[in-house]
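Structure first, commentary second.
The values are calculated or read from the model by the stated rules, or taken from the named source; none is laboratory data. All figures in this text were calculated on a predicted structure; none of them were measured in a lab. Here the Cβ is made from the backbone with ideal geometry for all residues, glycine too, and neighbour counts use every protein chain on show. Side chains included, ligands, DNA and RNA excluded: accessible areas come from the protein's heavy atoms. Shrake-Rupley method; radii C 1.70, N 1.55, O 1.52, S 1.80 Å.
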Amino acid sequence: MSVLVIVEVGHRMAGEALAAGQQFASAMGAPVQAVTVDAEYTADGFTATYEAHVRKTKPKLVVLAHTYQTRDWAPKLATRFGTMLISDVIAARFEGWPVFVRQLFQGKFNADVRAAGDGPHFVSVQAGAFPPVAADAVETLSLAAAEIRQRPEKPFRESARAVDLTAAPLIVSVGRGIKEQSNIAVAEALAQALGAELAASRPICDAGWLPMERQVGSSGQTVAPKLYVAVGISGAIQHLVGMKGSKTIVAINQDPNAPIFEVADYGIVGDLFEVVPALVDAVRKAKG
Amino acid sequence: MKFVVAIKQVPLRDSSLRIAASGVWIDEANLQYEINEPDAYALEEALQLREKHGGEVVVLCAGPERAGQTIREALAKGADRAIHVETSEGALDTLATARLLADAVKSEAADLILTGLQSDDLGYGQTGVVLAELLGMPHSTIIMQVEIQDGALRVKRELEDGWFQHIGMPLPAVLTIQSGLNKLRYATLMGIKKAKRKEIRVVKAEAGATAPVVIEKIYAPLKSKQAQIFTGDAKTAAAQLVEKLKFEARVL
């Protein structure tokens with residue numbers, strides 16, 4: 001009985017996957033093995049390689065970081081073992097059998113999920129859920145022979161980022177609650193009053209209301225400003241991972257149960273179209 | 001070409017959700033439903049690909065009887081026909097869903113299967129990948145652009161931190177689509193009218209094997225911080241907040 005940690009070397013979550021693996025292993029009284037593959041990534045190639053390794057070493061539990069790469073191939077691996085990846089896990093308990101905690105409905109609820117059967121169980125952990133340890137002692141596997149159907153080209157960046165949100169000390173960020181493109185001005189006025197950068201959650205950029213380079217979240221920028229004001233942002237996990245490290249978080253939202261209030265220091269539950277203009281006045285007054 | 005789009009029906013965004021008496025799922029009474037948002041982008045992409053390459057768009061959906069309405073809406077937007085794998089109420093795990101979808105679509109000989117990258121309810125984010133594995137097709141995920149040239153696929157995959165990558169693969173294949181890669185269309189009146197006559201093939205779901213994962217309990221998350229919430233009228237709340245930002249958080 002062992003725990004296998006699959007490490008994406010060089011990824012910022014490498015140490016988090018290892019930390020989770022070590023924590024689960026110690027709760028299970030099991031040894032840990034950490035492995036990686038030293039080859040260009042393809043879903044077919046990685047699945048075949050790790051399948052062979054799991055069949056050989058027979059771990060009880062396989063732990064990964066919930067990265068974009070993991071999402072691309074780990075479900076395929078789990079399927080080959082007749083099970084599924086318990087993805088985006090934030091905690092675990094061991095009560096004879098492992099119970100993993102993950103979020104449902106974009107963070108509105110948590111669920112305790114039990115892995116049935118004898119394993120191997122496959123789990124990916126959410127960014128920020130397990131404080132990282134040093135990602136050393138990782139064994140390198142060579143790529144297994146397999147038919148590889150994906151032909152990856154060289155990764156690229158769309159264009160140099162004109163807006164570096166990571167350097168901004170103050171950020172006002174706008175979400176779906178703003179309802180219409182013309183209403184962005186409401187949030188912009190607050191950003192101006194505070195001297196803050198304007199940012200947004202993904203749906204706003206998807207709609208083209210603000211450029212993609214102003215997006216905060218797992219597919220955008222990860223920020224940790226002194227002050228982050230979330231205007232009409234419900235707080236889906238994809239957004240939270242990009243901003244929960246902010247020093248002070250203010251949430252303005254109509255829904256008192258919005259997940260954004262779980263990470264907020266201060267909150268106003270109400271209609272943002274009344275609250276934000278009032279806030280603009282109050283900020284102006286306070287700054288004299 | 002034959003394009004299949006796997007869609008899921010989920011509760012309307014911003015629904016007020018309550019935990020069911022069973023404690024293992026939400027109370028589904030009196031809820032309204034809509035298409036899972038990433039699946040709406042997958043549907044739009046399939047419609048655009050059909051406009052470009054010709055062929056047919058088939059909607060594939062596993063869900064209870066009520067999912068029929070969401071399927072009808074997809075037909076109204078322009079899909080040609082649908083397969084509805086009718087399940088009982090409540091959530092199925094991803095593997096069970098993917099198995100149902102795979103069984104239902106096998107005989108279709110699809111060229112390209114599209115689905116959203118994740119669902120807004122369970123959020124496991126793997127149905128498309130598992131479906132590809134069950135069908136023995138290549139796949140790629142989190143796709144921002146789809147090109148079909150000479151019977152092969154070249155897609156733009158989103159990586160993290162603003163990086164992208166093009167990936168080529170043969171057809172048939174499965175892709176999971178990222179939100180925002182296209183602009184969603186609305187159903188026209190004509191489309192709604194036409195949808196009434198389009199075929200929906202209903203397949204009753206067979207009881208599946210033992211679930212690999214079981215939800216033991218769902219509950220409201222514990223707050224990691226206790227937010228100070230300001231109430232009252234907007235002006236008072238705003239003044240209280242600014243006071244705190246200035247003197248407690250010292251960020252103004």
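Below are the figures for this structure:
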quantity: Gaussian network model of chain A, springs between alpha carbon atoms under 10 Å - residue of A:S142, A:S26, A:S182 with greatest fluctuation; calculated: A:S182
quantity: Kirkwood hydrodynamic radius (C-alpha pairs) into Stokes-Einstein, region A:1-96, 20 °C and 1.002 mPa s, D in µm²/s; calculated: 158 µm²/s
quantity: Charge sum, other residues only, whose C-beta stays under 11 Å from A:K76's C-beta, Lys/Arg counted +1 and Asp/Glu -1; calculated: -2
quantity: Lysines whose Cα lies under 22 Å from that of B:K217, excluding same-chain neighbours fewer than 8 positions away; calculated: A:K108
quantity: Positive-end extreme of charge dipole, region A:3-141 - chosen from A:Y50, A:A137, A:F109 (charges on Cβ); calculated: A:F109
quantity: Between region A:1-27 and region B:147-170, the Cα center-to-center distance that results, in Å; calculated: 30 Å
quantity: Per-residue SASA entry for B:S88, accessible area with 1.4 Å probe, Å² rounded to 10; calculated: 90 Å²
quantity: Nearest-0.05 FRET efficiency for B:A20 and A:D255, computed from C-beta distance (R0 22 Å); calculated: 0.65
quantity: DSSP-loop trypsin sites (Lys or Arg not before Pro) across region B:149-213, with at most 12 other Cβ within 10 angstrom; calculated: B:K183, B:K196, B:R197
quantity: Segment B:E243-B:Q226, extension gain: residue separation times 0.36 nm, minus the distance between their alpha carbons; calculated: 4.3 nm
quantity: The protein assembly as shown - share of DSSP beta bridges that are antiparallel (%, nearest 5); calculated: 35 percent
quantity: Within a Gaussian network of chain A (alpha carbon springs, distance under 10 Å), most fluctuating of A:G232, A:G29, A:G242; calculated: A:G29
quantity: Full-extension gain in nm, B:I200 to B:Y186, via 0.36 nm per residue minus C-alpha separation; calculated: 3.0 nm
quantity: Debye, to nearest 20: dipole size of the protein assembly as shown, +1 on Lys, Arg Cβ, -1 on Asp, Glu Cβ; calculated: 480 debye
quantity: For chain A, diffusion coefficient by Stokes-Einstein and Kirkwood Rh (Cα), 20 °C, 1.002 mPa s, µm²/s; calculated: 103 µm²/s
quantity: Qualifying lysines (Cα of each under 17 Å from Cα of B:K196; at least 8 residues distant if same chain); calculated: B:K77
quantity: GluC sites (Glu not before Pro) lying in DSSP loop within region B:143-216, provided at most 14 other Cβ fall within 10 Å; calculated: B:E199, B:E206
quantity: Dipole magnitude of region B:2-204 about its Cα centre (Cβ charges: Lys, Arg +1; Asp, Glu -1), debye to nearest 20; calculated: 820 debye
quantity: In region B:28-107, the trypsin sites (Lys or Arg not before Pro) that fall in loop regions by DSSP, at most 15 other Cβ within 10 Å; calculated: B:R66
quantity: Per residue convex hull volume, Cα atoms of the protein assembly as shown, in Å³; calculated: 153 Å³
quantity: DSSP-defined beta bridges in region A:15-158 - what % are antiparallel, rounded to 5; calculated: 50 percent
quantity: Chain A - accessible surface per residue (Å², probe 1.4 Å); calculated: 38 Å²
quantity: Cα-centre dipole for region B:33-110 with unit charges at Cβ (Lys and Arg positive, Asp and Glu negative), debye to 20; calculated: 220 debye
quantity: Violating pairs (Cα-Cα greater than 26 angstrom) within the set A:K76/B:K2; B:K156/B:K193; A:K244/B:K246; calculated: B:K156/B:K193
quantity: Whole-angstrom gap from region A:158-195 to region B:91-139, using each part's C-alpha centre; calculated: 37 Å
quantity: Alpha-carbon centroids, region B:17-90 and region A:203-232: separation in whole Å; calculated: 28 Å
quantity: Cα long-axis angle, helix B:234-247 against chain B (0 to 90 degrees, to the nearest 10); calculated: 70 degrees
quantity: Square roots of five times the Cα gyration tensor eigenvalues for region B:2-204, Å; calculated: 26, 20, 17
quantity: Solvent-accessible surface ranking, highest first, for A:W209, B:W163, A:W73 at 1.4 angstrom; calculated: B:W163, A:W209, A:W73
quantity: Filter on A:K179/A:K247; B:K106/B:K194; B:K106/B:K198 - keep pairs with C-alpha separation over 23 Å; calculated: A:K179/A:K247; B:K106/B:K194
quantity: Kirkwood-type radius of region A:165-287, with distances r between different C-alpha atoms, in Å; calculated: 13.8 Å
